[in-house]
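**Student:** Below you'll find the structure I mean.
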Amino acid sequence: MNSPQQLAEVLTSLRIGNQSYLIAFYEQNRDLFARWARRQHQLVPAVAHELLRTVLVDFYDQVADGRLTKLPPDVRAYVYGLADEQLRSASTTEILPKDEAGRRQQLLRLFRQLGLDCQKMLMYFYFRGYNFEKVAGKMGFANANVARMQKATCLRKLYELRMRSEAGTR
């Protein structure tokens, strides 16, 4: 069990980009994780190792962008929980009906037509779950109100692209 002092040091080193803790964690827990993944989810070791790497990258992102402000006392249990959650969400996702899949593909094509700043803005807000303060910091805006207005502008642009696309197909 790690002391609170050690956990604080690990969190600080992760925030400044030092990934040595995660590399050591991966090396120490890789085989254990593979056994757990085989028993719980019938995964072969190679797939389990890839899942562990993916989950550790997600864990690092959570620490780096401030979503995780306190390191859990049992990091291994936390990482296993993230992996379990990821596997369960993947298995419960149903195949989309063709109409819905087509609509999503169209929106994705239109999204890619937006400028890079608008793409970043919408990704931060909708997919990463950042609040306007966090988006303002990431994008270099003066404050949350500027981020809010920029998001509205980007959504308007996406809406206009969609309307033009639908008008062109009629």
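**Student:** Can you pull the percent of the chain's accessible area that's carbon plus sulfur, 1.4 Å probe, other chains left in place?
**Tutor:** 53
**Student:** For Val146 and Asp61, what does the FRET efficiency come to when R0 = 22 Å and r is the distance between their Cβ atoms, rounded to the nearest 0.05? All intermediate terms of the calculation are to be shown ahead of the outcome.
**Tutor:** Details: r = 24 Å, r/R0 = 1.11.
The formula returns an efficiency of 0.35 here.
**Student:** Still on this structure, I have one more. Could you report the chain's accessible area per residue, 1.4 Å probe, as an integer in Å²? If you can, show how the numbers build up before the last one.
**Tutor:** Details: 11390 Å² over 170 residues.
For the chain, the per-residue accessible area is 67 Å².
**Student:** In deg cm²/dmol, rounded to 500, what helix-only [θ] at 222 nm does the chain give when every DSSP H run of at least 4 residues adds -39500 (n - 2.57) and the total is split over its residues?
**Tutor:** Details: 8 runs with 129 residues, N = 170.
It comes out at -25000 deg cm²/dmol, rounded to the nearest 500.
**Student:** Measure off 7 Å from each Cα along the Cα-to-Cβ vector at Glu133 and Arg30, then give the distance between these two points in nanometres to one decimal.
**Tutor:** 4.0
**Student:** Can you tell me the FRET efficiency between Thr153 and Ile16 if r is taken as the Cβ-Cβ distance and R0 is 30 Å, rounded to the nearest 0.05?
**Tutor:** Computed FRET efficiency for Thr153 and Ile16 comes out at 0.35.
**Student:** Among rounded, prolate and oblate, which fits the range 41-170 when a ≥ b ≥ c are the square roots of the eigenvalues of its C-alpha gyration tensor, a/c under 1.5 means rounded, and a/b larger than b/c means prolate?
**Tutor:** Taking the square roots of the gyration eigenvalues as a ≥ b ≥ c, the range 41-170 is oblate.
**Student:** Assigning unit charges at the beta carbon (Lys, Arg +1; Asp, Glu -1) and nothing else, what dipole magnitude in debye, to the nearest 20, does the range 98-169 show about its Cα centre?
**Tutor:** Dipole of the range 98-169, to the nearest 20 debye: 100 debye.
**Student:** Under the 0.36 nm per residue contour assumption, what length would be gained going from the current alpha-carbon distance of Leu87 and Val44 to full extension? Please list the in-between numbers first.
**Tutor:** Numbers: separation 43, 0.36 × 43 = 15.48 nm, distance 1.36 nm.
Residue separation times 0.36 nm, minus the Cα-Cα distance, leaves 14.1 nm.
**Student:** Given +1 on the Cβ of Lys and Arg, -1 on the Cβ of Asp and Glu, and no further charges, what dipole in debye does the range 48-170 carry about its Cα centre, rounded to the nearest 20?
**Tutor:** For the range 48-170, the charge dipole is close to 600 debye.
**Student:** Report, in degrees rounded to the nearest 10, the 0 to 90 angle that the Cα long axis of helix 98-113 makes with the longest principal axis of the chain.
**Tutor:** 80
The values are calculated or read from the model by the stated rules, or taken from the named source; none is laboratory data. Fair warning: this is a prediction, and the values are worked out from it, not measured in the lab. Every residue, glycine as well, gets a Cβ built from its backbone with ideal geometry; the counts of neighbours run over all protein chains shown. Surface areas here come from the heavy atoms of the whole protein model, side chains and all, with no ligands, DNA or RNA. Shrake-Rupley method; radii C 1.70, N 1.55, O 1.52, S 1.80 Å.
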